[in-house]
Amino acid sequence: MLELLNGLHAQALDELGKVSDLRELESWRVRHLGKKSDLTRILRSLSALPAEERPVVGNRANEVKRDLEAGLRDREAILRQDFLVSASQSQRLDATLPGRPFAYGGIHPVTQTIEDICDVFGQMGFQTVEGPDVETEYYNFEALNIPQHHPARDMFATLWIEPDTAGEQILLRTHTSPMQIRLMEEQSPPIRVIVPGRVYRYEATDATHESMFHHVEGLAVDKNITLADLKGTLIEFCRCLFGEERKVRFRCDYFPFVEPGAEIAIECLACTVDGCRLCGGSGWIEILGAGMVHPDVLARVGINPEVYSGFAFGMGVERLPMLRYGIDDIRLFYSNDLRFLRQF
Amino acid sequence: MRVSLKWLRDYVDIALSARELGDRLTAAGLELNDIEHIGEAWDNVVIGEVVTLNPHPDADRLTLATVDLGAERFTVVCGAPNIGVGQRVPFARIGAKLIDGRTGEATALKKARIRGVVSEGMVCSEKELGLSDDHDSILVLSPDAPVGAPLGDYLGDVVLDLDITPNRPDCLSVTGVAREIGALTDRQLSLPSADYAESGDSVHSLVSVDITAPDLCPRYCAGLITGIRVGPSPGWMQQRLASSGMRPINNVVDVTNYVMLEYGQPLHAFDYDRLVGRRIVVRRAGQGESITTIDGVERRLDPDMLVIADQERAIAVAGIMGSGASEVTGETRSVLLESANFDRVAIRRGCDRLRLRSEASLRFDKGLNSGLPPMPLKRAMQLLLEAAGGKAACGVIDIYPGRSRPEAVSVSAGDVARLAGLKIGVGQIRKILISLGFECREGGSGSRVSVVVPYWRSDIRCTADLVEEIVRIAGYDKIPAARLSAELPRQQSKASPMLRRRALRKQLRTTLTGLGFQEILTYPLVSLERLQKVSPNSELKTHPLKVANPMSREQEYLRTTLRSGVLTTLAHNQRVETAGIKLFEIGKVFCPQKPDCGADEDEVAQSYKGLPREDEMLCAVLSGLRTEPSWHDRGEMIDFFDAKGLLETVLARCGIEASFAVSNDETMFPGRGADVLVGDERIAVVGELHPGVAQAFDLSGGVCLIELYMEKLLRLNAGIRQYQPFTRFPGLTRDIALVLDEEVSYQSVESVIRAYPMVTRVTLFDLYRGEQLPPGKKSFAIRIIYQSPNRTLTDEETDRIQENMLGRLQQEVGAVLRN
């Protein structure tokens, strides 16, 4: 029996030495270590042997089994290594060939910017609300201290909607400021909101003017709100959007519904000062009009200007991606050319 | 407003550079638009005198002019018809940089031979000097221009172009800007005297003034000068007018313009001898009355407009423009100077109706202070006497029906701190206000400063206005940058309509961009034709809102659908993109009817009383190849099932279960579109584009369109999620092939299968029609996965369920198992 085992052992090892690939190795395993192999048969029939032979043969058989299994593992490792080496030669691919194309989509840069703005102000506790594109003359103008024939109406060239009935005159809002009034009529202080939305102007289009664009209005009303809060809030906003290094200018400006009024401009980096299409050579680009809510506006919506104060600001959205990405023509946003949109 | 630095220096000492000055003014609210350096390039241009003129030997139109520069003389060829002996003219030496009259480019002057004669320089036109576009004649300087001096010393100037906000008409004047500079740089303002000598009769005996419309004319002042000689105004005045952008006319008109630029008060000069009845009546225009203004246009007036009339007729549209009937001409000997205050609304209304603006109306329509007229009138009288001679009648007329008590305005350091967050002492407050011309009175309660608003300001009405004055002069850069420290307002809850709307939008955007769609944003204003194109076979159902004053026909109506904008954009991109295109837009459509007042309507749609309904929609299109052609895949064209699959994915992401039914939507190819229903509610539509629509939009290839009604999704609580437990027990997979009549829809088959609770997944993996089936039949191969939530299903159990299912399939849809 021992001879038989030794013979099996020698033959198996001999055959193992000749195995040249993993498939042959598997059939070698079945042949020599499988359920129907001689070795397995011997191991199963140990109990039939005389008691004195049993330990000797049993030991040897297990020894052979362990040895063959070890041989198998070693051979497999070698073969796998050989396979990799040869496959890396024979099945080498040209990794510089282009990959399978996957279609990707993108969000319009103006939408992205509005989301960015809402995020920044959201972190400062400003909630986002929206209002109607079609507004009444009262909310768009009169409630904001811009009665009919007020000189400031020149600042808001308006597209009017043809009235169907003798109702109130309606128009396409020229700013999202009407929501200031609607909100203050509904809520009492403290108020802290921003209002993104489309606005419309009767304006010829060119590289820096569009007849339709987007605004984000902001409003904070509470006790003890000052121009210093406005300045701090808006400088913080500019820092978040444009980075620490970009210079910010805070100056006096006029809007009928705020007093004192202010404007925020940021440094124009795109330009070499002379003949810059974005800033016209001044080196500054206005991005925000702002100010303290006019006491008459507060009084009109029933908020006591002796007790409460507030600030409001409004910004054109398109300017921001123009500045961030160096876009020199606002009309690109609404031409919706994929060669443009896919860059964002 | 163009302001000459030379002129400003008459009133205030300026130590800053033009740029620094501009920056200071900008910070204080007067924004610098541009700085113009007049004469910067006039290196080799000097003042010369024309001493002789001779005809050119070979050219009739040319003359040979000898120009004396004091120490030297040059002979040049000149083509200008207005050249004359004795004129002082700008003379350019060889090498001077001039603007080429024809090309408009700056070039260095070279010695040239013109028709055989050498020209040793050039006598310049305004265009060649960059002063204006006038190239027909040479610039003739004032007789007092110093011969031999560089032109830059004489004519050169720096002009600040400032944007003046509508609240500051006082700064549409040189003294107004000078006063700002004085306040900002701590310099005293010194204004010229306006004294003049009166003689002869009292003005009241020579002319009478009546105001019959005191509501539109709060004040009317006038003075009279007799025996003047109309002619050119002095050179210095012409220069200043020119640098301010106004063309010199004659000494009378120039004086009125000069004083308007100096003080911001428009003035008007009438030819006194042509006033019928020696009378001025300030009245509303009569119905149907007309006037021919000095620009030669006859204009119809109406009673909302104010006119200046004599006894018989209107002689000026008040504050806007005069008429030829009273215009000052070369023959004029006596002049009535008007300095009045007119209601800004009347001026604006008049300008709008007449479509006419003037330098005067631009100031009046901002609303000038009725205290302003007397001082500029005196100044104009003084200057006119100086420039045109004559005698001033004694006194001035001043009718002031609109006189009102000045409002009491006051401010304290506490107000400045409360509104502006700036700590500033009362002394400083007082100093700033005084520097701006406010008169400060001792207030009752110590720290309050009450002020008298100066007569040139019309924008100071309340404490906040004074706070702005103080802060802008102190400097906005002195305001600290603080953070909002107050308590946060109550935040919107996740269930609030606004947050749900924004969340749904975000969900849709994220899903669609992930599926390869690019977001676009198109104009809500479109043409009627374009709206009509999406439903070619019928009239528009809702008549869209129309803009009363559209920019163009292309932007005349508010869209009632997103389809037209999206398809137009697709057509544009098909021209530049060869592979597949997928686009979507989320936006509002506008419905003229008033919002219905259904309770759930209010809950989601943001509706406002008296305003049209604005519904949010999503529209997506896809066209061309499904995947970009590559060496892996030649690419196949998209079809209906791409669109449907994408829509199904979107709906699944929003947690919406919907069914599909044949659609009659007119934009779609008949029979190749589906309405997407939840219950009976159509929430979306998907289909291949109608070939007529494709053609109308100039689209090529197959195009599919998806439209989703977001208001309805919001009403269905789309996007609100609830966790569904999933089973951990293994599933059994069974494939069945069913033979059915062609008319049976897949949906009806699947709904029978899905009615079994153990069915967790149903996939149609083959659809067969052909030879191996009888005509009119088709076969569905369906893979079903059976799974129980609480145990492992056995083969036998599954077989039983499936057997039952096959029975029901046969009963309900006539399905037979295919062998």
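The values are calculated or read from the model by the stated rules, or taken from the named source; none is laboratory data. Quantities reported herein were computed from a predicted structural model and do not represent experimental measurements. A quick note on method: Cβ atoms are made from the backbone with ideal geometry, for glycine too, and the neighbour counts reach across all protein chains shown.
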#### Entry: Qualifying positions in segment B:466-478 - over 23 Å from A:Ile235 (Cβ atoms) and out of contact with any strand residue (DSSP E or B) (no Cβ under 6 Å at 6 or more places or on another chain)
B:Glu469
### Summary
When restricted to B:Gly367, B:Gly395, B:Gly414, B:Gly437, the only residue on the phi > 0 side of the Ramachandran plot and within 14 Å of another protein chain (Cβ to nearest Cβ) is B:Gly367
### Message
Could you check segment A:173-199 and list, in sequence order, the residues that are over 20 Å from A:Asn304 (Cβ atoms), within 11 Å of chain B (Cβ to nearest Cβ) and touching a helix residue (DSSP H, G or I) at 6+ places or on another chain (Cβ under 9 Å)?
### Response
A:Arg173, A:Pro178, A:Met179, A:Val195, A:Pro196, A:Gly197
### Task
Assess whether B:Arg783 counts as being modelled with pLDDT under 95 and of a type in the set (Lys, Arg).
no
### Query
When you go through (1) closer than 19 Å to B:Ala309 by Cβ; (2) surrounded by fewer than 21 Cβ atoms within 10 Å (Cβ to Cβ) one by one for B:Phe364, which number turns out not to apply?
(2)
### Message
Quick test of your reading of the structure: B:Gly516 fulfils all but one of (1) modelled with pLDDT under 95; (2) within 9 Å of another protein chain (Cβ to nearest Cβ); (3) outside any loop (DSSP other than H, G, I, E, B). Name the failing condition by number.
### Response
(3)
#### Entry: Total residues in segment B:492-513, condition of a type in the set (Lys, Arg), within 34 Å of the chain's Cα centre (by Cα) and more than 7 Å from every other protein chain (Cβ to nearest Cβ)
4
### Query
Filter segment B:399-411 for residues that are surrounded by fewer than 16 Cβ atoms within 10 Å (Cβ to Cβ) and not small (Gly, Ala, Ser); which is farthest from the other protein chains (Cβ to nearest Cβ)?
B:Arg403
### Summary
Going through (1) under 27 Å from A:Glu186 (Cβ atoms); (2) aliphatic (A, V, I, L, M); (3) facing another protein chain (nearest Cβ under 8 Å); (4) free of Cβ contacts under 8 Å to residues at least 12 places away in the same chain one by one, A:Ala299 fails only at (3)
### Summary
By my count, strands (runs of 3 or more DSSP E) wholly in segment B:68-185 with at least 2 residues that are within 19 Å of B:Ser244 (Cβ to Cβ) and hydrophobic (A, V, I, L, M, F, W, C) are B:157-163
### Task
Please note which strands (runs of 3 or more DSSP E) are completely contained in segment A:229-326 and include at least 2 residues that are in contact with a Cys (Cβ under 7 Å, 6 or more places away or on another chain).
A:258-267, A:284-293
#### Entry: Unique match (being assigned to a strand (DSSP E or B), of a type outside the set (Val, Ile, Thr), surrounded by fewer than 22 Cβ atoms within 10 Å (Cβ to Cβ) and in contact with a Ser or Thr (Cβ under 9 Å, 6 or more places away or on another chain)) among A:Gly218, A:Gly197
A:Gly197
### Summary
Cβ pairs under 9 Å, 6+ apart or interchain, first in segment B:72-97 and free of Cβ contacts under 8 Å to residues at least 24 places away in the same chain, second of a type outside the set (Lys, Arg) and surrounded by 22 or more Cβ atoms within 10 Å (Cβ to Cβ), ordered by first then second residue, are B:Arg73/B:Gly48; B:Arg73/B:Val67
### Query
Tell me, which residue of segment A:232-256 that is free of Cβ contacts under 8 Å to residues at least 40 places away in the same chain and charged (D, E, K, R) is farthest from the other protein chains (Cβ to nearest Cβ)?
A:Glu245
### Query
Quick one: would you say B:Ala222 is closer than 26 Å to B:Thr293 by Cα and either over 42 Å from the mean Cα position of the chain (by Cα) or crowded, with 20+ Cβ neighbours inside 10 Å (or both)?
yes
### Within segment A:204-231, considering residues that are charged (D, E, K, R) and more than 8 Å from chain B (Cβ to nearest Cβ), the one nearest to B:Leu488 (Cα to Cα)
A:Glu217
### Query
Within segment B:519-550, which residues are free of Cβ contacts under 8 Å to residues at least 24 places away in the same chain and either over 20 Å from B:Val693 (Cα atoms) or facing chain A (nearest Cβ under 7 Å) (or both)?
B:Lys546, B:Val547, B:Ala548, B:Asn549
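Residue-by-condition table, conditions (1) touching a Pro at 6+ places or on another chain (Cβ under 7 Å); (2) within 28 Å of A:Arg80 (Cα to Cα); (3) loosely packed, with under 13 Cβ neighbours inside 10 Å:
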{"site": "A:Met1", "(1), (2), (3)": "no, no, no"}
{"site": "A:Ala12", "(1), (2), (3)": "no, yes, no"}
{"site": "A:Glu15", "(1), (2), (3)": "no, yes, no"}
{"site": "A:Lys18", "(1), (2), (3)": "no, yes, yes"}
{"site": "A:Gly34", "(1), (2), (3)": "no, yes, no"}
{"site": "A:Ile42", "(1), (2), (3)": "no, no, no"}
### Task
Go over the candidates A:Glu318, A:Glu306, A:Glu259, A:Glu267 one by one and state the one that is within 32 Å of the chain's Cα centre (by Cα) and at pLDDT 90 or above.
A:Glu318
### Message
On the basis of being over 30 Å from A:Arg331 (Cα atoms) and within 14 Å of chain B (Cβ to nearest Cβ), does A:Thr113 make the cut?
### Response
no
### Message
For segment B:783-819, which positions are part of a loop (DSSP other than H, G, I, E, B), more than 16 Å from B:Val739 (Cβ to Cβ) and charged (D, E, K, R)?
### Response
B:Arg791
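Per-residue answers, yes or no, for (1) at pLDDT below 85; (2) more than 11 Å from every other protein chain (Cβ to nearest Cβ); (3) assigned to a helix (DSSP H, G or I):
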| residue | (1), (2), (3) |
| --- | --- |
| B:Thr568 | no, no, yes |
| B:Lys582 | no, no, no |
| B:Asp602 | yes, yes, yes |
| B:Asp615 | no, yes, no |
| B:Arg634 | yes, yes, no |
#### Entry: Entirely in segment B:198-271, the helices (runs of 4 or more DSSP H) that have 3 or more residues that are touching a Phe, Trp or Tyr at 6+ places or on another chain (Cβ under 7 Å)
B:235-243
### Test: B:Glu289 is free of Cβ contacts under 8 Å to residues at least 12 places away in the same chain and not small (Gly, Ala, Ser)
no
### Task
Sort out which residues of segment B:323-342 are buried (at least 24 other Cβ atoms within 10 Å of the Cβ) and among the charged types (D, E, K, R), and write them in order of number.
B:Glu338
### Message
So the check is Cβ under 6 Å with 6+ separation or different chains; which pairs have a first residue in segment B:399-415 that's farther than 25 Å from B:Ile434 by Cβ and a second one that's among the hydrophobic types (A, V, I, L, M, F, W, C) and modelled with pLDDT of 95 or more?
### Response
B:Ile399/B:Val209; B:Ile399/B:Ile211; B:Pro401/B:Ile211
### Task
Might you check whether a residue that is assigned by TED's automatic domain parsing to the domain that holds A:Gln123, under 27 Å from B:Asp465 (Cα atoms), of a type outside the set (Phe, Trp, Tyr) and touching an Asp or Glu at 6+ places or on another chain (Cβ under 8 Å) occurs anywhere in segment A:264-278?
yes
### Task
Please name all residue pairs, on different chains or six or more residues apart, with Cβ atoms under 6 Å, provided the first residue is in segment B:207-228 and is over 19 Å from A:His149 (Cβ atoms) and the second residue is of a type in the set (Phe, Trp, Tyr) and surrounded by fewer than 22 Cβ atoms within 10 Å (Cβ to Cβ).
B:Arg219/B:Tyr400
